[in-house]
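Data first, discussion second: the structure below is written as structure tokens.
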Amino acid sequence: MNKQNLIIYDFIELFSILNEIKQSLNFNLLNVSEKEFGDLKLDSLNSFLIITKNKNKNLNLKNQIVINNFPLKISKIIETININFLKNRFIQQSDIDLGVYKLNLNSRKIFNNKNELSLTEKESDIILFLKNSEKPVSIDELQTKVWGHSSKLDTHTVETHIYRLRKKISSKFNNHDFIKSTKLGYNIK
């Protein structure tokens, strides 16, 4: 999983402190001035929080943390940052759009307006990987990326998982075309 990004907005003191201990942090640091903020492409970042020291600098973003109760222990600041990253990740995984379906990675369920279906972790991983792929995915690529095997495992493992997943979706949602198979591989329709 990609590291999350902490954007420190016009708060050079905090950036200096965190930059000294960045090897111990589980997130990336970006220092941005007020002038540079307008040029920042937030949608290009995978996951981010913005931290500011001035509540008057409210950027109207749902993932902004304002720290203005000084003095604070650095451990408390890091704890607040980590808690907010966890909350954001939970929210991001709650409703992943799959056309007429939604995938909730937290509960491992796929659902539409009327029905919901429980999935295994591997089934969720397969659906998410296929959804994020722009082109059909080969069995070898699924083995490597979803199963994490670089050597050739029995291709029937992947095929069996896909078969069972298709069968579950077909029987619950009466959709026989959710996972399509072509000469190039599998994709989600």
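The values are calculated or read from the model by the stated rules, or taken from the named source; none is laboratory data. Given the structure is predicted, the values throughout are model-derived calculations rather than measurements. Glycine also receives a Cβ, built like all others from the backbone with ideal geometry; neighbour counts cover every protein chain displayed. Remember, those area values only see protein heavy atoms, side chains included, never the ligands or the DNA or RNA. Shrake-Rupley method; radii C 1.70, N 1.55, O 1.52, S 1.80 Å.
For Val66, Val100, Val137, the ranking by accessible surface with the largest value first comes to Val100, Val66, Val137, using a 1.4 Å probe. The equivalent ellipsoid of the chain has semi-axes of 41, 18, 15 Å, largest first, where each one is the square root of 5 times an eigenvalue of the Cα gyration tensor.
Given R₀ = 35 Å, what would the calculated FRET efficiency be for Asn54 paired with Asn106, taking r from the Cβ atoms and rounding to 0.05?
Numbers: r = 34 Å, r/R0 = 0.96.
The value I calculate is 0.55.
Distant-in-sequence amide contacts of Leu29, defined by a placed amide H-H separation under 5 Å and a gap of 5 or more residues or a different chain, comprise Leu6. Only lysines eight or more places from Lys22 in sequence, or on another chain, were considered; those with a Cα closer than 19 Å are Lys3, Lys73, Lys76. The spacing between region 58-137 and region 163-189, judged by their C-alpha centroids, is 24 Å.
Relative to the Cα centre, what is the charge dipole magnitude of the chain, using +1 at the beta carbon of each Lys and Arg, -1 at the beta carbon of each Asp and Glu, and rounding to the nearest 20 debye? Don't skip to the answer; put the middle values down first.
Details: 29 positive and 20 negative charges, 125 e Å.
Using Cβ point charges on Lys, Arg, Asp and Glu, the chain gives about 600 debye.
The candidates Arg164, Arg108, Arg89, arranged from most to least accessible area with a 1.4 Å probe in the full protein assembly, appear as Arg164, Arg108, Arg89.
Helix hunt in the chain: which complete DSSP H runs extend at least 18 Å axially by C-alpha with mean Kyte-Doolittle at least 0.0?
The answer, listed by residue number, is 74-92.
Reachable lysines from Lys172, Cα under 30 Å, same-chain residues fewer than 8 places away excluded? Within the straight-line limit of under 30 Å, Lys172 reaches these lysines: Lys102, Lys109, Lys114, Lys122, Lys131, Lys135, Lys145, Lys180, Lys183, Lys189.
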